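None of the figures in this text is laboratory data; all of them are computed from the coordinates on show. The structure presented is a predicted model; accordingly, all values stated were derived computationally and were not measured. Methodologically, a virtual Cβ is constructed for each residue, glycine included, from the backbone with ideal geometry; neighbour enumeration extends over all protein chains shown.
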Amino acid sequence: MVVENLVKNEVSIKILKNTNTFSFSEICQALEVNEVKIFSISISGSNIENIEAVVKVDLKDLTSALRLLREYEYEVLSNHEEDDFFNELKDRSKYLDKYLNI
């Protein structure tokens, strides 16, 4: 019964980073600092330059965890409703356009 609850609350985060600086421990640290439980981390693709990974975590507010992953220079490839990063960028872009058109 506990296993069913874990699977229902699972979210996948797809990330990308340079091969030379990719670190499992860094990913774990960024998520666990924000009290996000990690179910698994797996490599979904790689080449000479980049490693693409899928991190399965529990469903909760991921905003601060995604922000910290970006600070560690991980590119978040998956879209999440909780992620306000792109909304902030859109708002700033609109403000910049308005400023430039004055």
* **Given charges at beta-carbon only (K, R positive; D, E negative), |dipole| of the chain in Debye** => 160 debye
* Would you compute, from DSSP H runs of 4+ residues alone, the mean residue ellipticity of the chain at 222 nm, taking -39500 (n - 2.57) per run and dividing by the full residue count, rounded to the nearest 500? => -12500 deg cm²/dmol
* Asked: Mean shadow of the range 2-100, computed from the convex hull of its alpha carbons, in nm²?
  -> 7.6 nm²
* To do: Using Cα positions and a limit of under 16 Å, work out the lysines in reach of K56, with same-chain residues fewer than 8 apart set aside.
  => K8, K14, K37
